[in-house]
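Structure, as structure tokens:
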Amino acid sequence: MVRLNTLYQHKVKGWQSKQVIYQIAPSIGETIVIEKAHYKIVNIMHYAEDGTVEVIANAE
């Protein structure tokens, strides 16, 4: 299990932050689902030793 600290750009609300749990860490270009909306990962900021991954994602 991987915790994603996700900074994503919501179409209406603007930039939002949310922690999401995934089975494996996604890579740049992959799509993740946050609150029933699809976001494409555009940058991976940091891989932490505890398994946390910080990513930036934009709405598709």
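Could you check the stretch 20-50 and list, in sequence order, the residues that are among the polar types (S, T, N, Q), out of contact with any Asp or Glu (no Cβ under 7 Å at 6 or more places or on another chain) and open to solvent by less than 100 Å² (accessible area, probe 1.4 Å)? Those that are among the polar types (S, T, N, Q), out of contact with any Asp or Glu (no Cβ under 7 Å at 6 or more places or on another chain) and open to solvent by less than 100 Å² (accessible area, probe 1.4 Å): S27, N43. Residues in the stretch 29-53 that are under 10 Å from the mean Cα position of the chain (by Cα) and outside any strand (DSSP E or B): E30 only.
Identify all residues within the stretch 1-28 that are under 23 Å from D50 (Cα atoms) and outside any strand (DSSP E or B); write none if there are none. Across the stretch 1-28, the qualifying residues are M1, Q23, I24, A25, P26, S27, I28.
Within the stretch 17-60, the residues that satisfy the criterion of being farther than 15 Å from V2 by Cα and touching a residue at least 40 places away in the same chain (Cβ under 8 Å) are I56, A57, N58, A59.
The values are calculated or read from the model by the stated rules, or taken from the named source; none is laboratory data. Keep in mind that what you see is a predicted model, and the values were worked out from it rather than measured. FYI the Cβ positions are ideal-geometry reconstructions off the backbone, even for glycines, and counts take in every protein chain you see. The area values use the complete protein model at the heavy-atom level, side chains included, leaving out ligands, DNA and RNA. Shrake-Rupley method; radii C 1.70, N 1.55, O 1.52, S 1.80 Å.
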